[in-house]
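First up is the structure itself, then whatever we jot down about it.
Values quoted throughout were computed directly from the atomic coordinates according to the rules given, and no laboratory measurement underlies them. The shown structure was predicted, so the numbers you read here are calculated from the model rather than taken from an experiment. Note: ideal-geometry Cβ built from the backbone for every residue, glycine included; neighbour counts use all protein chains shown.
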Amino acid sequence: MTFTGLAADELEARGGGWTAREIRQQPAMWAATEQLVQALRPRAEAFLAPLLARTDLRVVLTGAGSSDYIGRSLMPDLLAGLGRRVEAIATTDLVVGGAQLLQRDVPTLLVSFARSGNSPESVAATEIAEAHLAECRHLIITCNGDGALYRRHHGRPGSLVALLPEATHDRGFAMTSSFTSMALAARRILLPAQPVDIARIGAAADLVSADHGGSLSAAAAGGFKRVVYLGSRGLAGIADEAALKLLELTDGEIVAMAQTPLGFRHGPKTFVDGQTLVVLFLSNDPQARRYELDVAREIASDGIAGRLLVLAGQGDGLDGLGADLLPGLEAASDAELSFPYLTWAQAFALGGSLALGRTPDNPSRTGAVNRVVQGVTIYPEPGRA
């Protein structure tokens, strides 16, 4: 049972069984992903060591939609941890602007994220990179062994493929366990010296799914028409994904926005009205946290938003703010916080979808939006066959 209060059979009847299971299964998928990464480690080290030894290496994190947001959430930590140039560029940008976004004489590791690997842009982006780069290597992280991206790169020289447990290939419309498991896999492959406490984040995610602090039920009871997610640094990518989950699962009926806390002041704050829920993913980093708490206090004192909710791992400075302090995360890194924070957003989106009478496993009423993107034509680039 989720915080919705619905038993498994009722969730199934209302078209939300897969989505609910895939949200709840994440702690188990994180443990399974960690085991997979450990088994892959000798091959990963042999593949990555000569690349990362090059000071001129460029690492490009790519994917479409949610898979793009994985890269955005990872980029700051990878930039700091690898000491190399790291950028997140969506496949949807690479297919229309590869000549501008790729630098031929800069050796590049293209890290591709794909739940199914069947979106037309997924394979096209890797082919465009190879056409435009003198030296291109691939790290493929995917959940589908039958996908076109996996089939093209598995066993291929210059490619390392991490195929995640089959259960992470979400059957529901929206990416949930696939997102968090691919993010974890990339982090553990590329930053092996920076551990992630799987037990700690799994326990926190279980409490979130069970609505231990009551914030999910309280937020759902507000009947909000707009939601803003705020996050800094890597948590900005988590805010992007949280907003997309709500849009997807409510079929656009609840309008969602993602911003950084400081950027929110520069115009986007006009989005807020009395029917708006503002959710802040509060950092555990002392410097980022000071700025974020200033913004939270400003929003609270304005009295314009319908509700402010601060999700936090540490309790300092939360007096007077609507806060849900997640147990056991006082010493967690922001990377670790991202997993239960996103679990909260996924569960909230599921509840919002059900409350509106949508079917979360297939929420698009018109069929205009699909689980795997359709209708994309990949055109040859000028001067290339």
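Multiplying the sequence separation of residue 39 and residue 104 by 0.36 nm and subtracting their Cα-Cα distance, what value in nm do you get?
Stretched fully, the residue 39-residue 104 segment lengthens by 20.0 nm.
Would you calculate the convex hull of the Cα atoms in segment 117-242 and tell me its volume per residue in Å³?
172 Å³
Quick one: order 62, 366, 250, 260 by neighbouring beta-carbon count within 10 Å, fewest to most.
366, 260, 250, 62
What FRET efficiency comes out for residue 197 versus residue 28 if R0 is 22 angstrom and r is the Cβ-Cβ distance? Round to the nearest 0.05.
Here the calculated transfer efficiency is 0.90.
Could you check the spin-label model distance between residue 297 and residue 331? Points 7 Å from the Cα along Cα→Cβ, value in nm.
Calculated label separation equals 2.9 nm.
Using the number of other C-beta atoms within 10 angstrom as an exposure proxy, rank 168, 359, 33 with the fewest first.
Ordered by Cβ neighbours within 10 Å, fewest first: 359, 33, 168.
How many nm separate the modelled label positions at residue 87 and residue 131, each set 7 Å beyond the Cα in the direction of the Cβ?
Roughly 1.9 nm, to one decimal.
Between residue 290 and residue 356, what length in nm is gained on full extension when 0.36 nm per residue of separation is reduced by their alpha carbon distance?
20.1 nm
Could you tell me the distance between the Cα centroids of segment 231-258 and segment 272-309, to the nearest Å?
16 Å
Please turn the phi angles of segment 352-365 into ³J(HN,Hα) values with the Karplus equation 6.51 cos²θ - 1.76 cosθ + 1.60 (θ = phi - 60°), one per residue in order, whole Hz, x for glycine and proline.
Going residue by residue, I get x, 4, 5, 5, 8, x, 7, 10, x, 5, 7, x, 6, 5 Hz, with x marking Gly and Pro.
Given Cβ point charges of +1 (Lys, Arg) and -1 (Asp, Glu) and nothing else, what value in debye, to the nearest 20, does the dipole of segment 232-344 about its Cα centre take?
Once rounded to the nearest 20, the dipole reads 240 debye.
Quick check on the exposure proxy: order 136, 143 from fewest to most C-beta atoms within 10 angstrom.
136, 143
If the chain between residue 378 and residue 319 were fully stretched, how many nm would it gain, using 0.36 nm times the residue separation less the Cα-Cα distance?
15.9 nm
Any idea how far apart residue 218 and residue 49 come out in nm if each label point goes 7 Å out from Cα toward Cβ?
Rounded to a tenth, the inter-label distance reads 5.2 nm.
Along each of its three principal axes, how wide is the spread of alpha-carbon positions in segment 18-190, in whole angstrom units, largest first?
46, 33, 30
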